[in-house]
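So the structure is just underneath, and the comments pick up after that.
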Amino acid sequence: MKPGRLAPVTLMLWLGTLPTTVHSAPPAAMISSDTLIRTSTAQPVEIIHTSLEFAVDFGPFTQHLEALLGRYDPSAVRQLVATDPAMADARLAQMEGEEGLMIFMVQNHGALLNLAGAPRRAMRYHVGNPRIALQMTRHDIRAGLYAPLSVLVYEAGPGAVRVEFDQPSTLFGQFGDAEIGAVGRELDGKLARVLGHAARLAAQP
């Protein structure tokens, strides 16, 4: 499915200043948040969680995975999305890596475990593509809850790497939209192929 064009987005920043003279006022009655809720729904969602273990070392696997994926640079499109959507779309296309995917952010969860005195090798990757996300959010903005995707990579043992993620088609399938569902199934394949490619490269001597 061909990524769609970005819609114009207007970004506004509000700045405030404090007056030099402050006048006290009687405290207003606190409004309960319960009285502000107009509707509230909760429903179970069936998600397929995938765990893949590759017989490769953590270092080479993450190195190749990061090399295969592109990098999202918000500064390159921050102004363009409002002033020149076509150019913003072109800039985003240039950021794409293999399978059209890119890294939005990396979290070193293993290093954080130093606080508990038990460091590990574990990285969480936020992976996706704004142009692919747009194909879904244009139909239902709630799809933005899962874009980008979350992928956890950690060392499972000597010469073993485990990759954990929720299957995209099940995350996006909950919205009951055929167009969104089709993109979710495409993402299943894209993510699996990139991970497999990284593993094959890491296995090479």
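The values are calculated or read from the model by the stated rules, or taken from the named source; none is laboratory data. Computed from a prediction, not measured in an experiment: that's the story for all the values here. We place every Cβ from the backbone using ideal geometry, glycine too, and count neighbours over all the protein chains shown.
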task = May I ask you to say which residue of Pro60, Pro44, Pro119, Pro130 is at pLDDT below 95 and closer than 26 Å to Ala199 by Cα?
result = Pro119
request  = Return the total of residues in region 51-85 being surrounded by fewer than 17 Cβ atoms within 10 Å (Cβ to Cβ) and in a strand (DSSP E or B).
outcome  = 4
ask   = Within region 68-89, can one find any residue that is at pLDDT below 95 and either basic (Lys, Arg) or in contact with a strand residue (DSSP E or B) (Cβ under 7 Å, 6 or more places away or on another chain) (or both)?
value = yes
note = With criteria (1) assigned to a loop (DSSP other than H, G, I, E, B); (2) modelled with pLDDT of 90 or more; (3) farther than 28 Å from Gly176 by Cβ, Thr39 comes up short on (3)
Elements of type strands (runs of 3 or more DSSP E) in region 109-205, at least 1 residues being hydroxyl-bearing (Ser, Thr, Tyr), surrounded by fewer than 21 Cβ atoms within 10 Å (Cβ to Cβ) and in contact (Cβ under 8 Å) with a residue 60 or more places away in the chain = 149-157
